[in-house]
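Student: Just dropping this structure here.
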Amino acid sequence: MLSLSRTPQYDDVVRDGGAGRSRSWYGDVRLLNARLPPESVYANKLNALVLDWAGTTVDFGSLAPARTLQQVFGRVNILLTDAEVRRDMGLPKKDHIREILSIPRVRDAWHELRGHRPTLSDVDDVYRQFIPLQLSCLAEHSSLIPGVLASVQRFRERGLKIGSTTGYPRGMLDLLLENSARAGFQPDCSLSPEDVGGGRPEPFMLYENAVRMRVYPLASIAKIGDTPADIHEGLNAGVWSIGVAGTGNGIGLSYDDFQALSSSERESRLEDARHELERAGAHYVVDTLSELDPVLDEIETRLRSRQPSQG
Ligand SMILES: [Mg+2]
């Protein structure tokens, strides 16, 4: 039978302890989740950032996976809404397909069209169709998000290593790596779910990034991504978990379409995207990677203060 399990919610994925969900302010940077990495006391600075790919560093609006999934389901006459296709974005792609098939409307539509509820072998079948379609359109959606190159340069100048994780399988990640390297973006470590035998919301890609980049403790690492699944991955690993609201899945628009919004519409959509990441348990939320520096300053101040759970 098809698993109906949903992506774990905030309370399922955050380890016990911490100071609850109180908020605190530090200058312009707002701490949203006071349950901090428990080893904070042993770290006095950040050593590495682990960045997500689509919607965080490349593919403004995370368009490639959304459009491909809509196309694949379109082949069987199921037209997925943006909300349906984006709800579980960030998971490994086969898990994402399984979750889409578990949405009651989609499950019922499948039943009506195919005469049975979706099974795990249907998940495999949709995934098999997804791979070549996604590979064929990934290159055109692999451009760096504006500001990423300069931001990564600044992060490196402050002594940070740069790792990465993704929901894409290895072959797709390799394609992104090749294109990004040509544009000047080369992380120190890049891992896909199949490299470690499991993807988000599990923490193992982050652990393996730490091993390969030789960085510790976990409280000296921050994970940055655009989906609730990214946030859960970071929280499950015990690292700092930071959301990026403006360039990814929560808005779901190309750079040009985003710029074309009226300022009030843009702000209202940003608010929704920020809240989704906050609800997922993010320690901090920024709109773009370019705005991360004050957050990194604040985390390092917090680490040096050795009073990690006090705002
Ligand atoms: Mg992403």
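No value in this document is a laboratory result; all are computed from the given coordinates. What you are looking at is a predicted structure, and each value in this text was computed from that prediction instead of being measured. Note that each Cβ is placed from the backbone with ideal geometry, even for glycine, and that neighbours are counted across all protein chains shown.
Student: Summing Lys, Arg as +1 and Asp, Glu as -1, what charge do residues with Cβ under 11 Å from the Cβ of Asn179 carry, Asn179 excluded?
Tutor: Counting the neighbours of Asn179, the net charge comes to -3.
Student: How big is the dipole moment of the stretch 65-140 about its Cα centre under a simple scheme where the beta carbon of each Lys and Arg is +1, that of each Asp and Glu is -1, and everything else is neutral? Debye, nearest 20, please.
Tutor: 40 debye
Student: Ok, one more. Running a GNM on the chain with Cα contacts under 10 Å, which residue among His232, His275, His111 ends up with the highest mean-square fluctuation?
Tutor: Maximum among the listed residues: His111.
Student: Also: Summing Lys, Arg as +1 and Asp, Glu as -1, what charge do residues with Cβ under 11 Å from the Cβ of Lys223 carry, Lys223 excluded?
Tutor: Details: positive: Arg200; negative: Asp52, Asp230, Glu233.
Local net charge: -2.
Student: So the label point goes 7 Å from the Cα of Leu135 along Cα→C-beta, right? Which residues of the stretch 149-191 then have their backbone N under 13 Å from it?
Tutor: Under 13 Å, as judged by backbone N against the label point of Leu135, lie 169-176 of the stretch 149-191.
Student: On to the next question. When Cys189, Cys137 are ordered from fewest to most other Cβ atoms inside 10 Å of their Cβ, what list results?
Tutor: Sorted ascending by nearby Cβ count, the order is Cys137, Cys189.
Student: Please go through the stretch 94-184 and write out the trypsin sites (Lys or Arg not before Pro) that DSSP classes as loop and that have at most 14 other C-beta atoms within 10 Å.
Tutor: Filter output for the stretch 94-184: Arg158.
Student: State to the nearest 20 debye the size of the charge dipole of the chain about its Cα centre, where the only charges are +1 on K and R beta carbons and -1 on D and E beta carbons.
Tutor: 580 debye
Student: Then there's this: Which residue, Gly250, Gly163, Gly184, has the most motion in a Gaussian network model of the chain that connects Cα atoms within less than 10 Å?
Tutor: Taking springs between Cα atoms under 10 Å, the residue moving most is Gly184.
Student: Would you list Glu157, Glu99, Glu298, Glu178 from fewest to most Cβ contacts within 10 Å?
Tutor: Lowest count first: Glu157, Glu178, Glu298, Glu99.
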